[in-house]
Structures are given as C-alpha cells and as structure tokens.
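This report refers to the structure that appears directly beneath it.
The values are calculated or read from the model by the stated rules, or taken from the named source; none is laboratory data. This structure is a prediction, so every number in the text was calculated from the model and none was measured. Virtual Cβ from ideal backbone geometry, glycine too; neighbours counted across all protein chains shown.
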C-alpha cells in the first residue's frame, strides 16, 4: 500500500522555484563567451513572451470591466517593465558584440 503525502502546494511550488534558481545560476555561469550572443537572442524571445503575458495581465481586466485583484495588475506591470528593459539591453549587447566583428573604416 502506498501512502499519499499531503504537501502544501505553496511549499511544493516554492521548492521547485528554489531548484530552478540553483539550476539557472549554474547554467548561466557555465556558458562560454562564444555562446553569449545566441543565448541573448533566446532570452529576448522569452522576454517577448513575458511582455505578451504581462500586457494580458495588465489590460484584460480593463477591457472586460472586471475588477480583478490589484496586485495582479501591479505584478503584470512590473513584469512588463523588467522584460522591456531586458529586451532593450539584450539588443544593445548584441549590437555591441556584432560591432566588434566589423572592419573598421580607415
């Protein structure tokens, strides 16, 4: 017979979050510099998905005349700002790295 453990969903989700932080830290810091630019483009793509989700979180309650929780809109707005900064910074870094490989004009 197997016993079913009653684990609080918050504890379960928080443990997954902590494991993801550790795995992400070790994956990011073990990347060679040659792979930085392709990874930045993937990061920009992920951030664009976050922007879409944040826009839905911020704007949908206004369109539907729904009074959703204010903290969901606040977190959506914060995610929108942070993802926009990440996208803009990623494009700047990629542009700067690509400029290193162009021939300089004499």
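Quick grid of which residues meet (1) modelled with pLDDT of 80 or more; (2) surrounded by 12 or more Cβ atoms within 10 Å (Cβ to Cβ):
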| site | (1), (2) |
| --- | --- |
| 5 | no, no |
| 14 | yes, no |
| 24 | yes, no |
| 27 | no, no |
| 53 | no, yes |
| 76 | no, yes |
| 90 | no, yes |
_Some residue of the range 31-45 being assigned to a helix (DSSP H, G or I) and modelled with pLDDT of 75 or more_ = no
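State all residues of the range 94-103 that are free of Cβ contacts under 8 Å to residues at least 60 places away in the same chain and surrounded by 13 or more Cβ atoms within 10 Å (Cβ to Cβ); if no residue qualifies, say none. Quick ask: steps written out before the conclusion?
Step one: list which residues in the range 94-103 are free of Cβ contacts under 8 Å to residues at least 60 places away in the same chain, which gives 94-96, 99-103.
Within the range 94-103, just 94 meets the criteria.
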